[in-house]
1. In the stretch 108-144, how many residues are within 12 Å of ligand 2 (Cβ to nearest atom), assigned to a helix (DSSP H, G or I) and within 16 Å of residue 48 (Cβ to Cβ)?
2. Of all residues in the stretch 1-47, how many are open to solvent by 60 Å² or more (accessible area, probe 1.4 Å), more than 22 Å from residue 109 (Cα to Cα) and not in a helix (DSSP H, G or I)?
3. Please state which one of 176, 149 is surrounded by fewer than 17 Cβ atoms within 10 Å (Cβ to Cβ) and at pLDDT 95 or above.
4. Please work out which residue is surrounded by the most Cβ atoms within 10 Å (Cβ to Cβ), limiting yourself to the stretch 48-71 and to residues that are more than 16 Å from ligand 2 (Cβ to nearest atom) and part of a strand (DSSP E or B).
5. Being away from ligand 2 (no atom under 12 Å from the Cβ) and part of a loop (DSSP other than H, G, I, E, B) is the filter; apply it to the stretch 227-246 and report the residue that is surrounded by the most Cβ atoms within 10 Å (Cβ to Cβ).
Amino acid sequence: MSRNFLTLLDRTPSELINLIEEAIKLKKKRSKSIFTTPLRDKSIAMIFEKSSTRTRISFEVGIKELGAYPLFLSSADIQIKRGESISDTAKVLSRYVDMIMIRTSEHAKIIDLVENSTIPVINGLTDDYHPCQILADIMTIYEKLGKIKGVKVAFIGDGNNVANSWMNGAAQLGMKLSIASPKEYTVNQDIYKKAVEIAKQNDGEILLTTDPYKAVKDADIIYTDVWASMGMESEQAKRVNDFKGFIVDSKLMKSTGRETYFMHCLPAHRGEEVTADVIDGKNSIVFDEAENRLHIQKAIMLDCFEV
Ligand code: CP
Ligand code: NVA
């Protein structure tokens with residue numbers, strides 16, 4: 001079986017730490033314009049069924065920097081759009097390229113892709129998970145705070161793909177995560193229950209609440225994401241109403257009782273889930289997170305090739 005990267009549960013805690021250490025080394029080398037090209041005989045397909053700025057560009061540049069050839073495949077331009085199955089697409093791509101990165105909707109689609117591919121598959125976001133993002137975020141936290149274990153992250157907002165991957169990451173790496181969402185927008189309960197079990201083994205903690213002020217007590221990081229994810233555009237107006245009280249503003253930032261960084265996977269909607277003064281303020285590290293996508297994904301790709 002190929003070495004895939006579909007969720008943060010696909011690696012052991014120490015393997016996740018190794019990926020972060022490797023990404024930091026790659027980042028240092030890049031800052032000195034030192035590039036090795038271990039993937040120079042490889043081609044990597046990137047399938048996008050949803051829009052992207054960061055994922056597309058950071059993967060494409062990362063693939064090029066590792067010496068491989070990136071193929072950007074918008075699902076609108078390949079036969080998937082006209083009904084060709086994921087399984088046939090997987091079998092065909094396995095004959096041409098060496099790895100697939102995919103951004104898609106239902107997580108079942110990426111499982112179908114994996115089951116029908118003979119090459120590694122990386123998850124560039126599904127409706128349920130966004131593992132590359134959260135590993136880049138944890139790398140960013142490590143750079144800023146010098147530690148991971150015991151760090152408290154408060155996630156304020158929708159119990160979406162980013163929140164789900166946060167539960168996986170915090171559980172694996174012994175972090176304290178509290179998630180505040182309106183009751184009807186809480187996280188997936190199966191993912192939550194599993195994360196609680198894993199967290200117990202690693203001295204982590206996962207708490208769910210409907211009170212943002214309770215969630216952020218003692219938080220080192222306040223994290224948020226859009227209220228309506230890609231594919232939920234028709235719910236936008238209803239969600240703006242339902243999430244009233246969940247905006248990350250300076251009052252919430254100050255209420256932690258300590259110095260707190262602000263994080264967001266981006267793209268952001270200023271004035272909805274976060275105020276402009278917070279996301280553009282001195283404690284915001286959103287562009288460090290965005291940069292670290294490049295470095296962590298290079299480490300993930302090397303790991304999937306076992307280079
Ligand atoms: N954070 C993130 O994945 O951004 P894109 O949707 O622009 O790829
Ligand atoms: N939750 C967001 C993340 C975007 C990077 C979405 O799925 O649209």
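The values are calculated or read from the model by the stated rules, or taken from the named source; none is laboratory data. Just so you know, these numbers come straight off a predicted model, no measurement behind them. Note that we place each Cβ from the backbone using ideal geometry, even for glycine, and neighbour counts take in every protein chain shown. Quick note on the areas: whole protein, heavy atoms, side chains included, nothing else; ligands and nucleic acids left out. Shrake-Rupley method; radii C 1.70, N 1.55, O 1.52, S 1.80 Å.
1. 2
2. Result for the stretch 1-47: 8.
3. 149
4. Checking each candidate, the answer is 70.
5. The qualifying residue surrounded by the most Cβ atoms within 10 Å (Cβ to Cβ) is 246.
So that you can scan it fast, the table gives a plain yes or no per residue for (1) within 21 Å of the chain's Cα centre (by Cα); (2) within 30 Å of residue 158 (Cα to Cα); (3) surrounded by fewer than 20 Cβ atoms within 10 Å (Cβ to Cβ):
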residue	(1), (2), (3)
78	no, no, yes
85	no, no, yes
91	no, no, yes
107	yes, yes, yes
116	no, no, yes
120	yes, no, no
125	yes, yes, no
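Yes/no per residue for (1) in contact with a strand residue (DSSP E or B) (Cβ under 6 Å, 6 or more places away or on another chain); (2) open to solvent by less than 20 Å² (accessible area, probe 1.4 Å):
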| site | (1), (2) |
| --- | --- |
| 252 | no, yes |
| 262 | yes, yes |
| 271 | no, no |
| 283 | yes, no |
| 292 | no, yes |
| 297 | no, yes |
